[in-house]
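No lab work stands behind these numbers, since they all come straight from the coordinates. Predicted model only: the values in this text are computed from it and were never measured. Every residue, glycine among them, receives a Cβ derived from its backbone with ideal geometry; neighbour counts consider all protein chains shown.
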Ligand code: IVH
């Protein structure tokens, strides 16, 4: 018979193998359903036998409890940055400088790697196990973001094969794919949150979330390219072999790397690589050129603690095109923000035809002195969102304006004509009218879109038609459309079959859980994640509606801005009325109970303090166990402590617990409690 330990090890191996195939090699080996089955079996096994839950278990990738702050992490070897070379001449000068120190570099060969544009991290492995992960910080000291890096699904938790140094720091770049970035910003726009400027900022932000579950939901990935193992020997002698070795150990390695015999060949390869970079699904801001033999790295050394001599980043100027600004238009967002955008003579940038681009806000338009008719420089920020950089310089400098005029914000909303408002300290101007048709259109489209109530067949055009025909005025009216089928059929673009499908989709959307409904309602700052936390905590709309901002702000992961926005939303009688109507129309106002591994758990709501030496568990393992079962671990004993877990040589905490009447339990009792079914 298989023992639980043997089965756990087997599951563990199958899951990590599947992770590696999927995330590192991009070659899935098993179906999603099969993966889920293995994962759940391992979770169940670990819940029943907590001693099997090791820190490197793949179930740890779900994300542990939020941290209060990050600990500092001192890198074994400083994390360096790279010097830049913007053309072949500068690359040549770099080789010249190196050859003066180490003449062999000219014939030693260069490894070329794509320079990933994300956030630099250092992963520490001890005996092949991932133990600590840190941000770059100031290069010498970063922040310990181990819990977050565990949720990056292609970070190997246990290495494959062998021959690794006993302790090593693997350096890599955590990034957000462009496609994931686009989706994330769509979600943020729906939630009324400001979009991330580019995938790099989004990745760096996700890495520094105090709640690992949020990090996980952002979908970060990593590429690795460097190892530091002071005092230990690496089993390879060149950078090119190191990349191969990293891949064999299970690290994801960007696959466009090349070995070239000399700088002339390197330049030819770089010219081939450059046009590919913008088509990758991850930000790539150049090519890193590295001297291939590792012993020459040691000889060349570093310039201070700043940059190595043996590597340099070959950068390319971002693609900027000049075109004519035909017109400045203003779009009214769901929150009422007036967003100016440029209508351009179509121009191709990075293989995409661009005919509109953001102008950000009216302050920038004035500061950059941009007017319709100007020639402007346009680029794609983060290679995704087109934006106007400013007026294009002309051969004779900028021609003076004949008239001193600027393009300012409209005095009235371009859709409803209300006088616009400009909150103090904000650069945005707003239409204050909550019934502004522009805002209503956006908010209904948001309500019906894929990430929210997912009412298929209800996009911009149809929502606009329904509003114009006065068949709807708000989202609740959607659920009344089934009584207006004849009027619907009379509208252009609403044929019998598609109307039936639409009505069925509207009906079906009533079942969505409270979390989805909350997100769909478009409360300012409430995105998918915030809505989920709120729904999990309160369970029912009614309870959330009654909560004060202070109570809402108590929830882990919910900041004061969200708390204020939620309380403010429900304080508004029109909003309360809307929710009442939705309930009367039969919408689900509850959140189903979460799986025990995600919320609740046998120790949910309980707080433990650990002291002394426990017979089998380390402090860290015991804490993990408590947290995995939904409990909290704190340092000090207080009246609120559920129990003190005491081992050998317990000191003052034991006395304090006794004095306060806090129960004292041993390891066996803790294990029993943590396994109990809720
Ligand atoms: S080598 C001593 N290789 O770029 C090792 N860096 O601007 C120096 N980066 O901090 C780094 N892709 O985070 C190297 N293939 C690559 C890279 C890469 C991205 C980042 C890295 C570094 C930054 C320097």
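So the values come out like this:
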{"read-out": "FRET efficiency, 1/(1 + (r/R0)^6) with R0 22 Å, evaluated for residue 593 and residue 507 via beta carbons", "value": "0.35"}
{"read-out": "Region 89-217 shape via C-alpha gyration tensor axes, a/c threshold 1.5", "value": "oblate"}
{"read-out": "Separation of the residue 264 and residue 2 label points, Cα + 7 Å toward Cβ, nm", "value": "6.0 nm"}
{"read-out": "Highest to lowest packing among 253-266, 195-208, 235-248, 163-176, scored as the average C-beta count within 10 Å", "value": "163-176, 195-208, 235-248, 253-266"}
{"read-out": "Antiparallel content of DSSP bridges confined to the chain, in %, to 5", "value": "85 percent"}
{"read-out": "Distance (nanometres) between label positions extended 7 Å along Cα→Cβ at residue 572 and residue 71", "value": "4.5 nm"}
{"read-out": "Zone of residue 348's modelled label, taken as backbone nitrogen in region 253-286 under 16 Å from a point 7 Å along Cα→Cβ", "value": "275-276, 278-279"}
{"read-out": "When region 185-251 is reduced to its Cα atoms, the Kirkwood hydrodynamic radius in Å", "value": "15.0 Å"}
{"read-out": "Ordering of 357-364, 501-508 by burial proxy (mean other Cβ atoms within 10 Å per residue, highest first)", "value": "357-364, 501-508"}
{"read-out": "Stretch gain in nm, segment residue 83-residue 356, where the contour uses 0.36 nm per residue and the Cα spacing is subtracted", "value": "94.7 nm"}
{"read-out": "Approximate spin-label separation residue 366-residue 666, in nm, with each point projected 7 Å along Cα-to-Cβ", "value": "7.5 nm"}
{"read-out": "Segment residue 418-residue 470, extension gain: residue separation times 0.36 nm, minus the distance between their alpha carbons", "value": "16.7 nm"}
{"read-out": "Rounded FRET efficiency, nearest 0.05, which uses the C-beta distance separating residue 167 from residue 326 and R0 of 60 Å", "value": "0.50"}
{"read-out": "Shape call, region 392-548: gyration tensor on alpha carbons, a/c limit 1.5", "value": "oblate"}
{"read-out": "Modelled FRET efficiency - R0 25 Å, residue 638 with residue 51, Cβ distances, 0.05 increments", "value": "0.30"}
{"read-out": "Contact order normalised by residue count of region 104-230, Cα under 8 Å, 6+ apart, percent", "value": "31 percent"}
{"read-out": "Stretch gain in nm, segment residue 138-residue 208, where the contour uses 0.36 nm per residue and the Cα spacing is subtracted", "value": "23.7 nm"}
{"read-out": "Radius of gyration, Dmax [region 1-158; alpha carbons; angstrom]", "value": "21.2, 69"}
{"read-out": "Percent RCO, i.e. relative contact order, over the chain, from Cα pairs under 8 Å lying at least 6 residues apart", "value": "11 percent"}
{"read-out": "Paramagnetic reach from residue 498 (point 7 Å along Cα→Cβ, amide N under 17 Å) across region 452-484", "value": "455-469"}
{"read-out": "Relative contact order (%) - criterion: Cα under 8 Å, at least six apart; region: region 615-678", "value": "33 percent"}
{"read-out": "Principal axes of region 240-344: Cα extent on each, largest first, Å", "value": "60, 32, 30"}
{"read-out": "Evaluated at q = 0.18, 0.26 Å⁻¹: base-10 log I(q)/I(0), Debye formula over Cα of region 128-187", "value": "-0.79, -1.18"}
{"read-out": "Cα gyration tensor category, rounded, prolate or oblate, for the chain with a/c compared to 1.5", "value": "oblate"}
